[in-house]
Amino acid sequence: MQQKRQIFLYVLAMLAIGGLTLAMQSLNSAHKQTGLTKYIERLNTMAEEGHTKSMHLLALEYEKGKVLPQDFQKAQEWLQRGAELGFGNAQIDLARYYYHGLAGEKNLDKAKEWYGKAEQLVDITTLHNLGLAYLNGRDVEQDYAKARELFILITQSSDFSNEQYKTETRQTTKLLGYLYLRGLGTDPSRKEAIKWLKIAADKGDESANEELLNLQKMPDRKAE
């Protein structure tokens, strides 16, 4: 009898714990949803006040459709506003919209126009993202020479040594090393490849350092 009572109490305890867990999960979910709602409200307010980065972030939320209902048309409208105010990443994404016709209008001339405007900016992040697009043929026709040209512009920027852009400059110099090593968009140059890989390695890029070690072991090696 005592054993049955203990089992009964144990079951009750487990049910109580289960109910408490569900209650906590619901509470956490509600808190998370409240936080997301406030985040979107703040983004919308800042975007309406002319904050270009908020315009870009709000456009991406409409595109993803996870917090806001997916709406490519609204996304493009916010990208257009941010792009016209000179925000580089909005210009790149607006070009992507026109390139693929995501909001219904496919216009390669407009895509090219906005890529060109982004290219004129001296912002390292914009140039880096644009260079990656040309390098990978992502949302634009693949062009290794153009990618290399944009990466070189980054290395010539007065902000090249700024810690704020360490991630971008580290990746840029590593990719320049690979482009020169493989002769993509330029004549192959082992000397130039090693120069840029060393800079990337000095910035903490382990894969660039490994590539340098491989080059020492195998002088005729090309980047993979």
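Peptides 161-170, 121-130 ranked from most to least packed, by the mean per-residue count of other Cβ atoms within 10 Å: 121-130, 161-170.
In debye, nearest 20, what is the charge dipole magnitude of the stretch 43-96 about its Cα centre with +1 on Lys and Arg Cβ and -1 on Asp and Glu Cβ, if you could check?
Numbers: 6 positive and 8 negative charges, 35 e Å.
The dipole magnitude comes to about 160 debye.
Over the stretch 43-136, accessible surface divided per residue gives 48 Å², non-protein components excluded, 1.4 Å probe. Using only alpha-carbon positions in the stretch 78-207, the gyration tensor eigenvalues give semi-axes of 28, 17, 10 Å once each is multiplied by 5 and square-rooted (largest first). Mind grabbing the base-10 log of I(q)/I(0) for the stretch 133-218 at q = 0.15, 0.17 Å⁻¹? Debye formula, identical points on the C-alpha positions, no solvent, two decimal places. Cα-only, vacuum Debye calculation for the stretch 133-218: -0.53, -0.67. A simple packing score, the average count of other Cβ atoms within 10 Å per residue, orders the peptides 193-206, 78-91 as 78-91, 193-206, with the highest score first.
The values are calculated or read from the model by the stated rules, or taken from the named source; none is laboratory data. Given the structure is predicted, the values throughout are model-derived calculations rather than measurements. For neighbour counting, all protein chains shown are included, and Cβ atoms are generated from backbone atoms with ideal geometry for every residue, glycine included. When the accessible area is computed, the model is the full protein with side chains, heavy atoms only, and any ligands, DNA or RNA have been set aside. Shrake-Rupley method; radii C 1.70, N 1.55, O 1.52, S 1.80 Å.
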